[in-house]
Amino acid sequence: MTFEIGSYCGDHALMTSIISSLTANQVRSLSTTVIASLTTDDVAALTSAQVKTLSSAQIAALQTDDIATLTTAQMSAISASAIKGLSLSQLAVLDAAKIASLGTAQVAALSANQIEDLDSSQIEALTSSQLGAFGSAQVAALTTADIAIFSTADIAAITPTALAGLSTANVAALSTSQIAALKTAQIAALKTSQVQVLTTSQVSTLTTAQIGAFGSVQVAALNTDNIATLSTSQVAALSSKSVAGLTTAQIETLSSGQIEALTSSQLEAFGSVQVAALTTDDIAVFSTTNIAAINPLALSGLSTANVAALSTSQIAALKTGQIAALKTSQVEALTTAQVSTLTAAQIGAFGSAQVAALNTDNIAVLSTTQIAGLSSRSVTGLTTAQIETLNTSQIEALTSSQLGAFGSAQVAALTTTDIAVFSTANIAAITSAALSGLSTTNVAALSTGQIAALKTGQIAALKTSQVEVLTTSQVSTLTAAQISAFGSAQVAALTTDNIAALSTSQIAGLSSRSVTGLTTAQIDTLSPNQIEAFSSALVGALGSMQVAALTTAQVSVLTTAQIGAFGSTQIKALTTSNIAALSTSQVAALSSKSVAGLTTTQIDTLSSSQIEALSPALVGAFGSTQVAALTTADIAVFSTADIAAIKPRALSGLSTVDIASLKSDQLLAITTAQLQALDSAQVAAIIAAYHAI
């Protein structure tokens, strides 16, 4: 085919006819040499279908005259892949109509070099649709002069992705009308380097919608001059997300009018560093809604000077979450006017460290409602200096749950006047550990009602120094259950006057553990009625020194049950006077165990009637030494059962004189086992006694 075309080259009319009749495949097969030999008429004869098949190499082979001859229809038929073949000289001959005829796919295929070679008329010929097909590399190829001739529609047509290719020089050269034409998506796509070069004129042109499209990184890229030029409407239009990008330098640049324009949602997005950049004047223009919107974590950035400058209405607007987030240094800066404005709910949001940070002047101005509003957790932060500052009304306002949180050091800071206003519920709420902090003066000043309100755990926790100062009125108020809670050391700390004032029910309330604490002086104080009130368990718990301290009058009132509770050690501790004073019923009530503890001196003291009161079981508990201590008169009163009850080994204590004095029925009562235990002298005495009958 190449050959045939070449053979007709001399006849241009015929050649043109042949060209127009070629198929698409034949056209595609034409060499670049043949393409280059085509006349303008030949090129003009090409159909759109034939042009569409031309490759980039074939397009490049066309002469500039050929390109100039192409119709707009032929131009629009060039494939996107072939359009790249247009040389710079070929591009130069394209008029505005041909440029405008290019499809978006063709335009998108143009290289950066091809774009750079377009003259201003060709650039101006580009339609908005064509510019919408540009990529970022093509946009980057545009000059400042190119950009200058773009209409606002053209600017708006550039895709957000392509706009990223706009050089910083071109961005800075955009007219205010072009800036105003940018869509929000384009604004959102601007790189920080592009935002940084915006001029104040450009920024002031931005609509509120455009401003609202900025992201936090873009806002941070605005220079302080641009920030300063923002109108209040523009400031208010910044999104909550973008506001987070404001730098401290930018915030410091904002005027009071701009600060006032910030919305609650914007302030809610502020961080602590941004809040820290606000001045006292800035804070002053904030509405109560603005103040309430600041994030609790961000509020920690508020300087102490700014905290102190907050109006009472702004203080009142703070949410409990914000109050809870205040640093101790911020709390320390609060004025008395501010503190007095706090609601009970706000006060209740304070933590213990925050309460501790309040100065004594602020503590002094707290209302009773505010005092009652303190949480049990926060009240633990009250220092002794703060507690000492509280007036009577404030002390009276403390709830039982608050007092239940007090520590011993806090209780120690209370005065007698403070304690006097406490209700019985208040007193009962103080923990056992904290009650140890109550001074002896305060203990002595407790009313009988307050004493009666003390729980057994509190009673058990009283120090001996506190017990020592209890008055007789206070002690007489104690219930049996409270008395039972005393330990031995506490009982020992009671004065003899207090011991003497104890009722019989209180005495009965003593525990076996606590009764061991009774001193000899205290025992000496006990009345017969009090002694009689001792339970068997209490008597059994007495130590030997305590038993030894009992008077004859006291011993004489002991019941048979009480006597029966004595052990051998306790019996041994009784004085001979007390032994001698025992009634026959008391003697009979002794246990076998206790009788075993009788000393020979005590036995010597026993009268015949007391000996006679001993049961066989008690006599059976005697040892040989105790039997040896019995007199002939004592033995004489023994019944035959008594004689038979003496243990064989104990009978060895019987003297030959005692044996000789035995009556006939007593002799006959001696058992074989007892006889076998006697020595030869005792046996001889037995035989002699029998003969003497």
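Treat the count of other C-beta atoms within 10 Å as a stand-in for reagent exposure and order 361, 524 from fewest to most.
361, 524
How high is the relative contact order of the chain, given as a whole-number percent (alpha carbon pairs under 8 Å, six or more residues apart)?
Rounded, it is 4 percent for the chain.
Using the Karplus curve 6.51 cos²θ - 1.76 cosθ + 1.60 with θ = phi - 60°, what ³J(HN,Hα) values do you get for each residue of the range 39-55, in whole Hz, with x for Gly and Pro?
7, 4, 5, 4, 5, 5, 7, 5, 7, 4, 5, 5, 4, 4, 7, 5, 8
Work out the FRET efficiency for residue 73 and residue 217 from their Cβ-Cβ distance, taking R0 = 35 Å, and round it to the nearest 0.05.
According to the calculation, E is roughly 0.15.
Check cross-link reach from residue 663 to the aspartates and glutamates: straight Cα distance under 18 Å, and skip same-chain residues fewer than eight apart.
Partners found: 612, 634, 642.
Rounded to the nearest 0.05, what FRET efficiency do residue 672 and residue 504 give with R0 = 51 Å and r taken as the Cβ-Cβ distance? Could you check?
0.45
With a cut-off of 8 Å between alpha carbons and a minimum separation of six or more residues, what is the relative contact order of the range 264-316 in percent?
Across the range 264-316, relative contact order equals 49 percent.
Under the 0.36 nm per residue contour assumption, what length would be gained going from the current alpha-carbon distance of residue 44 and residue 480 to full extension?
Additional length available on full extension: 144.2 nm.
Quick one, which of [x] 46, 28, 22; [y] 49, 34, 24; [z] 123, 38, 13 is the actual semi-axes √(5λ) of the Cα gyration tensor in Å calculated for this model?
So the calculated entry is the one marked [z].
Which angle from 0 to 90°, rounded to the nearest 10, does the C-alpha axis of helix 680-692 make with the longest principal axis of the chain?
It works out to around 50 degrees.
Going by alpha carbons, how many degrees (0 to 90, nearest 10) lie between the helix axis of 12-21 and the longest principal axis of the chain?
Rounded to the nearest ten degrees, it is 30.
Here is the link list: 191/327; 327/463; 572/647; 98/191. Which ones come out longer than 27 Å on Cα distance?
Exceeds cut-off: 191/327; 327/463; 98/191.
So how far apart, in nm, are the two label points at residue 188 and residue 556 if each is 7 Å from Cα heading toward Cβ?
My value for the distance between the label points is 10.9 nm.
So what are the ³J(HN,Hα) numbers for the range 342-349, from phi and the Karplus equation (6.51, -1.76, 1.60; θ = phi - 60°), rounded to whole Hz, Gly and Pro as x?
Listing the rounded values in order: 4, 7, 4, 5, 5, 4, x, 7 Hz.
Coordinate-derived values only; no laboratory data. All values reported here derive from a predicted model rather than from experimental measurement. Ideal geometry is used to build each Cβ from the backbone, glycine not excepted, and the neighbour counts take in all protein chains shown.
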